[in-house]
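A.B. asks: I'd like to ask you about the structure that follows.
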Amino acid sequence: MDNKLMLMIPGPTPVPEAALLALAKHPIGHRTAEFSNMMAEVTENLKWLHQTESDVLMLNVSGTGAVEAGIINFLSPGDRIVVGSNGKFGERWVEVGQAFGLNVETVTAEWGQPLDPAKFAEKLQADTNKEIKAVIITHSETSTGVINDLVAINSHVKAHGEALIIVDAVTSLGAYNVTVDALGLDIVASGSQKGYMIPPGLGFVSVSPKAWEAYKTAKLPKYYLDLGKYRKSTAKNTTPFTPPVNLIVALHTTLGMMKKEGLKSIFARHERQKNATRAAMKALNLPLFAADECASPAITAVSVPGMEADKIRSLMKKRFDIALAGGQDHLSNKIFRIGHLGFVSDRDILTCIASLEVVLSELGYENFTPGAAIGAAAKVFG
């Protein structure tokens, strides 16, 4: 049957019908009063979602572009930075820093393990000359399903006093309680195709007053991603360059949906679906790649010893039109990842789990009792 694809990946995520209908509308001029009025409401709701009174800026980029903008606007060539790397995206920020001539030091952990806050503390406390200008971490590491301890790491950055904290919150913003102002987070980057529930194409960067002070002396080259331009335009409810108008119309719709649901309910839903998915995998006797205490609310990564993960994914797609994500780099064909991020319901989780039971049986996997995974998830859902 056509047009029944179910996205159970960590991005792009499913898009609500109301947002799809908004995308299908005729575009409006981006220099009109109608668009400016919408921009004003979108900006207000973005601040609500980020739990901040500071700037939240929209860029025509992916999440990677948002993080890059969050780096290049506040640093200068040769600046010393510390980057947490325990997965594909942590490694990416190392590469971005190096590409722009920054003096990059790393705090690493094995893929599937969380970053150790004490290692950040050690580096920051040893920096008595206050040479470290920024600490960059991936909050929810999409490649492994690990959530890093943002609160603890941020506390060490705050104790340092000089360094900015730059957070890749691409798969945590809108799924986890990221309290930007309460934590004093300086730069937080995210992307539209995740918790925002719209297609790829927009990136978001929140910027603290402390970061804007650093912007004044930052010397890395920038033009299209110059956040100063976006700040000036956003203050006038417009954009510095031509925006993806219909994506913003769709965002207006989904932010309204999120406000109606409420932050507390959004975070509780993601936590519940994470717990149900993990309970089901345990009932299937499939090892979870991340431990319970550091499991992301957005993605569950599952190991498949003795099996090919890509065969599982392929049969899920062929038999049930359900898309699961694969492993990256050295984890290719060794894990699969289930996304439970954004516009995902409890019913979607149960459908995915039931389909997975069938697929595993068809592939000859017998190390589980049929129905056990659904039963385990159902207990979580109550």
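The values are calculated or read from the model by the stated rules, or taken from the named source; none is laboratory data. The model shown is predicted, which means the values in this text are computed figures rather than measured ones. No Cβ is skipped: glycine too gets one built from the backbone with ideal geometry, and neighbour counts run over all protein chains shown.
A.B. asks: Yes or no: region 270-277 includes at least one residue that is farther than 17 Å from Ala175 by Cα and either assigned to a helix (DSSP H, G or I) or without any contact (Cβ under 8 Å) to a residue 40 or more places away in the chain (or both).
C.D. replies: Scanning region 270-277, I find no residue that is farther than 17 Å from Ala175 by Cα and either assigned to a helix (DSSP H, G or I) or without any contact (Cβ under 8 Å) to a residue 40 or more places away in the chain (or both), so the answer is no.
A.B. asks: To continue, here is another question. Does region 347-371 hold any residues that are crowded, with 17+ Cβ neighbours inside 10 Å and either touching a Phe, Trp or Tyr at 6+ places or on another chain (Cβ under 8 Å) or of a type in the set (A, V, I, L, M) (or both), and which are they?
C.D. replies: Listed by number, the residues that qualify are Ile349, Leu350, Ile353, Ser355, Leu356, Glu357, Val359, Leu360.
A.B. asks: Something else: Go through region 338-382 residue by residue and tally those that are under 25 Å from Ser192 (Cβ atoms), in contact with a helix residue (DSSP H, G or I) (Cβ under 9 Å, 6 or more places away or on another chain) and not in a helix (DSSP H, G or I).
C.D. replies: Total meeting the criteria: 7.
A.B. asks: Something else now. Condition check: outside the structural domain of Thr171 (by TED's automatic domain parsing), among the acidic types (Asp, Glu), in contact (Cβ under 8 Å) with a residue 24 or more places away in the chain and in contact with a Phe, Trp or Tyr (Cβ under 9 Å, 6 or more places away or on another chain). Does Glu308 satisfy that?
C.D. replies: Here the answer is no, as Glu308 does not meet what is asked.
A.B. asks: Which number in (1) under 19 Å from Lys274 (Cα atoms); (2) assigned to a loop (DSSP other than H, G, I, E, B) marks the one condition that Asn333 misses?
C.D. replies: Only one criterion in (1) under 19 Å from Lys274 (Cα atoms); (2) assigned to a loop (DSSP other than H, G, I, E, B) is unmet by Asn333, namely (1).
A.B. asks: Which one is nearest to Ala298 (Cα to Cα) among residues in region 227-268 that are free of Cβ contacts under 8 Å to residues at least 40 places away in the same chain and of a type in the set (D, E, K, R)?
C.D. replies: Lys264
A.B. asks: Filtering region 143-171 down to residues that are surrounded by fewer than 20 Cβ atoms within 10 Å (Cβ to Cβ) and of a type in the set (D, E, K, R), which residue is farthest from Asn275 (Cα to Cα)?
C.D. replies: My answer is Glu162.
A.B. asks: So, one more: Look at Lys317 and say whether it is touching a Phe, Trp or Tyr at 6+ places or on another chain (Cβ under 9 Å), among the charged types (D, E, K, R) and surrounded by fewer than 17 Cβ atoms within 10 Å (Cβ to Cβ).
C.D. replies: The answer is no for Lys317.
A.B. asks: Go through Ile147, Ile187 for me and flag whichever is aliphatic (A, V, I, L, M), assigned by TED's automatic domain parsing to the domain that holds Val61 and over 22 Å from Phe343 (Cβ atoms).
C.D. replies: Going through Ile147, Ile187 in turn, just one is aliphatic (A, V, I, L, M), assigned by TED's automatic domain parsing to the domain that holds Val61 and over 22 Å from Phe343 (Cβ atoms): Ile187.
A.B. asks: Determine, yes or no, whether Pro209 is in the same structural domain as Asn154 (by TED's automatic domain parsing), more than 21 Å from Gly161 (Cα to Cα) and modelled with pLDDT of 95 or more.
C.D. replies: No.
A.B. asks: Hey, among the residues in region 86-108 that are out of contact with any strand residue (DSSP E or B) (no Cβ under 8 Å at 6 or more places or on another chain) and of a type in the set (A, V, I, L, M), which one's farthest from Gly70 (Cα to Cα)?
C.D. replies: So, considering only residues that are out of contact with any strand residue (DSSP E or B) (no Cβ under 8 Å at 6 or more places or on another chain) and of a type in the set (A, V, I, L, M), the one farthest from Gly70 (Cα to Cα) is Ala99.
A.B. asks: OK, next. If I filter region 80-110 down to residues being within 17 Å of Ile147 (Cα to Cα) and β-branched (Val, Ile, Thr), which single residue comes out as surrounded by the fewest Cβ atoms within 10 Å (Cβ to Cβ)?
C.D. replies: Filtering region 80-110 for residues that are within 17 Å of Ile147 (Cα to Cα) and β-branched (Val, Ile, Thr), the one surrounded by the fewest Cβ atoms within 10 Å (Cβ to Cβ) comes out as Thr108.
A.B. asks: I would also like to ask the following. Taking region 172-182, which residues are in a helix (DSSP H, G or I) and either modelled with pLDDT under 95 or crowded, with 20+ Cβ neighbours inside 10 Å (or both)?
C.D. replies: Answer for region 172-182, where residues must be in a helix (DSSP H, G or I) and either modelled with pLDDT under 95 or crowded, with 20+ Cβ neighbours inside 10 Å (or both): just Val180.
A.B. asks: Separate question: Which ones in region 68-104 are closer than 26 Å to Ala291 by Cβ and of a type outside the set (Ser, Thr, Tyr)?
C.D. replies: Val82, Val83, Gly84, Asn86, Gly87, Lys88, Phe89, Gly90, Glu91, Arg92, Trp93, Val94 - these are the residues of region 68-104 that are closer than 26 Å to Ala291 by Cβ and of a type outside the set (Ser, Thr, Tyr).
Quick grid of which residues meet (1) crowded, with 20+ Cβ neighbours inside 10 Å; (2) assigned to a helix (DSSP H, G or I):
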residue: Ser190; (1), (2): yes, no
residue: Pro200; (1), (2): no, no
residue: Thr217; (1), (2): no, no
residue: Tyr230; (1), (2): yes, yes
residue: Thr234; (1), (2): yes, yes
residue: Val249; (1), (2): yes, yes
residue: Ala280; (1), (2): yes, yes
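A.B. asks: Going by the structure shown, is Ala295 within 22 Å of Gly87 (Cβ to Cβ), touching a strand residue (DSSP E or B) at 6+ places or on another chain (Cβ under 6 Å) and in contact (Cβ under 8 Å) with a residue 24 or more places away in the chain?
C.D. replies: So Ala295 fails the test.
A.B. asks: Is it the case that Asn285 is more than 23 Å from the chain's Cα centre (by Cα), in a loop (DSSP other than H, G, I, E, B) and farther than 30 Å from Gly29 by Cβ?
C.D. replies: Judged against the criteria, Asn285 is a match.
A.B. asks: Same structure, new question: Please find, among Ile338, Ile312, the residue that is closer than 30 Å to Leu46 by Cα and of a type outside the set (S, T, N, Q).
C.D. replies: Of Ile338, Ile312, the one residue that is closer than 30 Å to Leu46 by Cα and of a type outside the set (S, T, N, Q) is Ile338.
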